[in-house]
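The values are calculated or read from the model by the stated rules, or taken from the named source; none is laboratory data. On a predicted model such as this, the values are computed, not experimentally measured, just so you know. Because the Cβ atoms are built from the backbone with ideal geometry, glycine has one as well, and the counts that use them run over all protein chains shown. Areas reflect the complete protein model, heavy atoms only, side chains present, ligands, DNA and RNA absent. Shrake-Rupley method; radii C 1.70, N 1.55, O 1.52, S 1.80 Å.
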Amino acid sequence: METVLAFIIIFGALVFFHEFGHFLFAKRAGILVREFAIGMGPKILGITKGETIYTLRLLPIGGYVRMAGEDMDTIHLQAGHRIGVLLNKDGQATKIIMNQKAMYPDILLMEVEEADLEKELYIKGYDEEDKFVRIEVARDAVVEENGRETILAPYERQFDSKSLGHRFMTILAGPLFNFILAFFIFTAIGLMQGIPTNEPVITEVTEDSPAAEAGLQNGDLVKEIDGKSIASWNELVESVQDNAGNPLPFEVERGGETLDFTITPEVSEESPEKVGVIGVLYRSPLEKDFLGSFAYGAEQTVFWFKEIFRLLGMLVTGQFTIDALSGPVGIYKTTEEVAKYGIFTLMSWAGMLSINLGIMNLLPLPALDGGRLMFFIIEGIRGKPVDRQKEGMVHFVGIMLLMLLMIVVTWNDIQKFFF
């Protein structure tokens, strides 16, 4: 149960902040947001506030923000439709009832001849007395069909009516908020646990390693490698990893005395990149630093951003296979293992996942945020949008391919972890 709760909380938080980014920028742009959903599949809970319904859905594997003007959202009144209309004191339609048997007091029944519910907002037709009427439609009118009410969305409230900049930022905001969430998670770790000093002090020298053979000892402070000053443990690691098989001069401080060693990093057998290792371990002491925690949050966010991009590059170049990818099942099992090491390790895992989600959504693939951003970039270059039907077809094919990839990855995860 602890693992299930940890998985739901982490995944829910990542999805919530991602969708909240879309939601917030859509609202700022004046777009009507019909639904803010956490989860996918059947609705468990729904609360309507203002013009938006906030829903919790069964499967905790995603979410969405449904904006006015998207596919299947437009309301059409065709000639010959028989409808009922409720009017306000100014004679404007505030509710349009379609396929509704129940009658309202003071309802106006009519047969539609012509209607525009997006731009000019009117309905023309014949009433029960066969008299031709034109009715203006209120901008906040509601359309009721089979007991379900939908708020009318004038064209200026729809996604496609907004400027290219507003649309671009509304879509970009989802991944952007994932990076912001990661920053706050890592900052919170620094504030609560403390931040590592990151000094290049060797905590432990492993037996029969290049470092042990050269004479390094626990507690040695590395000052220089190959003539270059070393100020942090990260710089030490980079110098060693980049010089597998090359002799490196080390300058070390031990008990106030400066000592010189020459160490040749050996190739790591565990890394697919053939990086150098010398056989030393590092456990940095932690210190409380309020302002330093924010710097630590930014450093960790940038570090994992670069690291995930590096791993993604390895996947593209064939250094990793598709078997190395993990889906929800793999993330769940990894969360189970990470949770054993405490809340701060679990928080770090959540921060890394948030960055990973942001980067994956920025990939220029159909159906992802990055794919939609790519179409906006093309629109900016061409000076006009791509045909919506063609774009919709590209996204549809992308969704099908992503679903196929998800099935393959999930099946691999099931085989890997359970068989």
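Odds and ends about this structure:
- Gaussian network model of the chain, springs between alpha carbon atoms under 10 Å - residue of Ala295, Ala26, Ala350 with greatest fluctuation: Ala295
- Rg [Å, one decimal], Dmax [Å, integer] - the chain, C-alpha atoms: 29.6, 106
- Stretching Asp289 away from Thr410 to a fully extended chain increases their span by 39.4 nm, per 0.36 nm per residue minus the current alpha-carbon distance.
- The stretch 190-296: GluC sites (Glu not before Pro) in DSSP loop, at most 14 other beta carbons within 10 Å: Glu207, Glu269, Glu270, Glu273
- Debye log10 I(q)/I(0) at q = 0.17, 0.19, 0.22 Å⁻¹ for the stretch 286-346, Cα point scatterers: -0.86, -0.96, -1.04
- Calculated [θ] (222 nm, deg cm²/dmol) that DSSP helices of n ≥ 4 give over the chain, each run adding -39,500 (n - 2.57): -14000 deg cm²/dmol
- Cα centroid of the stretch 18-79 to Cα centroid of the stretch 309-381, whole Å: 24 Å
- Highest-fluctuation residue, Thr334, Thr262, Thr94 considered, GNM on the chain with Cα pairs under 10 Å: Thr262
- Coordinate range along principal axes, alpha carbons of the stretch 182-313, Å, largest first: 42, 41, 26
- Distance in nm between pseudo-label sites at Met192 and Glu114 (7 Å out along the Cβ direction from Cα): 6.4 nm
- Estimated vicinal HN-Hα couplings, Hz - the stretch 248-259 in sequence order (Karplus 6.51, -1.76, 1.60; Gly, Pro = x): 10, x, 10, 10, 10, 9, 9, x, x, 10, 9, 10
- Only Lys, Arg, Asp and Glu carry charge here, each on its Cβ (+1 for the first two, -1 for the last two); on that basis the chain has a dipole of about 1460 debye about its Cα centre.
- Gain in span if fully extended, Glu149 to Arg382, counting 0.36 nm per residue against the direct Cα distance: 80.0 nm
- Helix axis angle, 388-418 relative to the chain longest principal axis, alpha carbon, degrees: 50 degrees
- Between the Cα long axis of helix 369-382 and the first principal axis of the chain there is an angle of about 70°, rounded to the nearest 10.
- Only Cα pairs under 8 Å and 6+ residues apart enter the sum, and on that basis the relative contact order of the stretch 5-78 stands at 31 percent.
- Cα-based helix-to-principal-axis angle, 343-362 vs the chain, degrees rounded to 10: 60 degrees
- Looking at the chain alone, DSSP beta bridges between its own residues are antiparallel in about 85 percent of cases.
- Residue by residue, the stretch 303-312 carries 3J(HN,Hα) couplings of 4, 6, 4, 5, 5, 5, 5, 5, 5, 5 Hz when phi is fed to the Karplus relation 6.51 cos²θ - 1.76 cosθ + 1.60 (θ = phi - 60°); x denotes Gly or Pro.
- Distant-in-sequence amide contacts of Met67, defined by a placed amide H-H separation under 5 Å and a gap of 5 or more residues or a different chain, comprise Arg34.
- Value of relative contact order over the stretch 119-248, rounded to a whole percent, pairs C-alpha under 8 Å and six or more apart: 12 percent
- Stretchable slack from Asp140 to Met400, in nm (0.36 nm times residue separation minus alpha-carbon distance): 90.0 nm
- Among the protein heavy atoms of the stretch 317-419, carbon and sulfur supply 71% of the accessible surface, probe 1.4 Å, non-protein parts ignored.
- Rounded if a/c under 1.5, otherwise prolate or oblate - the stretch 293-419, Cα gyration tensor axes: oblate
- Top of Thr170, Thr301, Thr197 by mean-square fluctuation, Gaussian network on the chain, Cα under 10 Å: Thr197
- In this simple spin-label approximation, Ile107 and Thr262 carry label points 7 Å from Cα along the Cα→Cβ vector, and these lie 9.5 nm apart.
- Rolling a 1.4 Å probe over the heavy atoms of the protein chains gives the stretch 284-384 an accessible area of 55 Å² per residue.
- The trypsin sites (Lys or Arg not before Pro) of the stretch 281-363 that meet both conditions, a loop assignment by DSSP and at most 14 other Cβ atoms within 10 Å of the site Cβ, are Arg283, Lys288.
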